[in-house]
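**Q** A single structure is presented below for examination.
What follows draws every value from the coordinates through simple rules; no lab data is involved. Source: prediction; values computed, not measured. Cβ sites come from the backbone with ideal geometry, for glycine too, and all protein chains shown count toward neighbours.
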Amino acid sequence: KAGVTQTPRYLIKTRGQQVTLSCSPISGHRSVSWYQQTPGQGLQFLFEYFSETQRNKGNFPGRFSGRQFSNSRSEMNVSTLELGDSALYLCASSPDPDRYEAFFGQGTRLTVV
Amino acid sequence: GESVGLHLPTLSVQEGDNSIINCAYSNSASDYFIWYKQESGKGPQFIIDIRSNMDKRQGQRVTVLLNKTVKHLSLQIAATQPGDSAVYFCAEKKGSSNTGKLIFGQGTTLQVKP
């Protein structure tokens, strides 16, 4: 069974631009969560989607948004990029939100210059 | 506030020795605690979890202990191998709130000396 797939793996953007990251969960998994990982703040929860609905949102500004499609694939978007948005963005999938096992993808490394 | 913390940022052990990685948490409403291993360039990998109604759980070469009295979680790795070198994160999940949100600690880097 294929794991969680995130694309692209690496991305370089300029301040002020916007970016869209993609996540394909494990087949059959309907819950997708996004996390931001930085050396200073560690792993921080961004948002969670289940059945195309955002169920939970972390403490991030409105520039960070996401969505989930009917096939459970998810995208997250960051608008008006800032230098501090440089991070590893991780996607995790699970069969449903109440299952504790979350399987992570390899992440997208975003660098804002 | 909510936080999950690890006691030591770096732990260095000799190959073959046992490793113990500790974690302190502040929120007693958690339903599950999970340990993840993250190798360089990869996403976190699930190692083992424990429910809040348990105090010990064993896996292959790993044991997780939960002490709810002092809000302490530990991961024990037996006969540590070079392949165990990675960053280890503890995380908590509030299953009772019907959400998949995980709250992660800062991580401990395990270095295994040959």
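**Q** Using a 10 Å cut-off on Cβ to Cβ distances, tally the other chain neighbours for every residue of B:35-45 and report the average as a whole number. Spell out each step's value before the answer.
**A** Details: counts 0, 4, 0, 6, 0, 0, 5, 4, 14, 10, 2.
What the average comes to for B:35-45 is 4.
**Q** Starting from the amide H of residue A:55, placed 1.01 Å from N in the peptide plane, find each other amide H under 5 Å away whose residue is 5 or more places distant or on another chain.
**A** Counting only residues 5 or more places away or on other chains, the set is A:48, A:49, A:50.
**Q** Specify the inter-centroid distance of the range B:28-101 and the range A:1-44, based on alpha-carbon positions, in whole Å.
**A** So the two Cα centres are separated by 22 Å.
**Q** Taking a cut-off of 18 Å between Cα atoms, list the aspartates and glutamates near residue B:71, but don't count ones fewer than 8 places away on the same chain.
**A** B:2, B:31, B:49, B:55, B:92
**Q** Let me ask something additional. Can you list the residues, at least 5 places off or on another chain, whose amide H is less than 5 Å from the amide H of residue B:27, using H built in the peptide plane?
**A** Amide H neighbours of residue B:27: B:3.
**Q** Which net charge results for the neighbourhood of residue B:50, defined as the other residues with beta-carbon distances under 9 angstrom from its beta-carbon, given Lys and Arg at +1 and Asp and Glu at -1? Spell out each step's value before the answer.
**A** On the way: positive: B:51, B:56, B:57; negative: B:49, B:55.
Neighbour charge sum, excluding residue B:50 itself: +1.
**Q** Can you give the mean number of other chain Cβ atoms that lie within 10 Å of the Cβ atoms in peptide B:11-21?
**A** That works out to 0 on average.
**Q** Using the structure shown, list the pairs from A:57/B:37; A:13/B:37; B:42/B:93; A:13/B:93 with a Cα-Cα distance above 27 Å, or answer none.
**A** Details: A:57/B:37 24 Å; A:13/B:37 29 Å; B:42/B:93 22 Å; A:13/B:93 33 Å.
Going by Cα-Cα distance, A:13/B:37; A:13/B:93 fall outside the 27 Å limit.
**Q** Follow-up question, since we're still on this one. Inside 10 Å of the C-beta atoms of B:103-109, what's the mean count of C-beta atoms belonging to other chains?
**A** Details: counts 4, 7, 2, 5, 4, 0, 0.
The per-residue average across the peptide is 3.
**Q** Could you give the length gained on full extension between residue B:67 and residue B:39, defined as 0.36 nm per residue of separation minus the Cα-Cα distance, in nm? Walk me through the numbers on the way to the answer.
**A** Numbers: separation 28, 0.36 × 28 = 10.08 nm, distance 2.72 nm.
Going from the current span to full extension adds 7.4 nm.
**Q** I need the phi-derived Karplus couplings for the range B:61-66: 6.51 cos²θ - 1.76 cosθ + 1.60, θ = phi - 60°, integer Hz, Gly and Pro marked x.
**A** 6, 10, 9, 10, 10, 10
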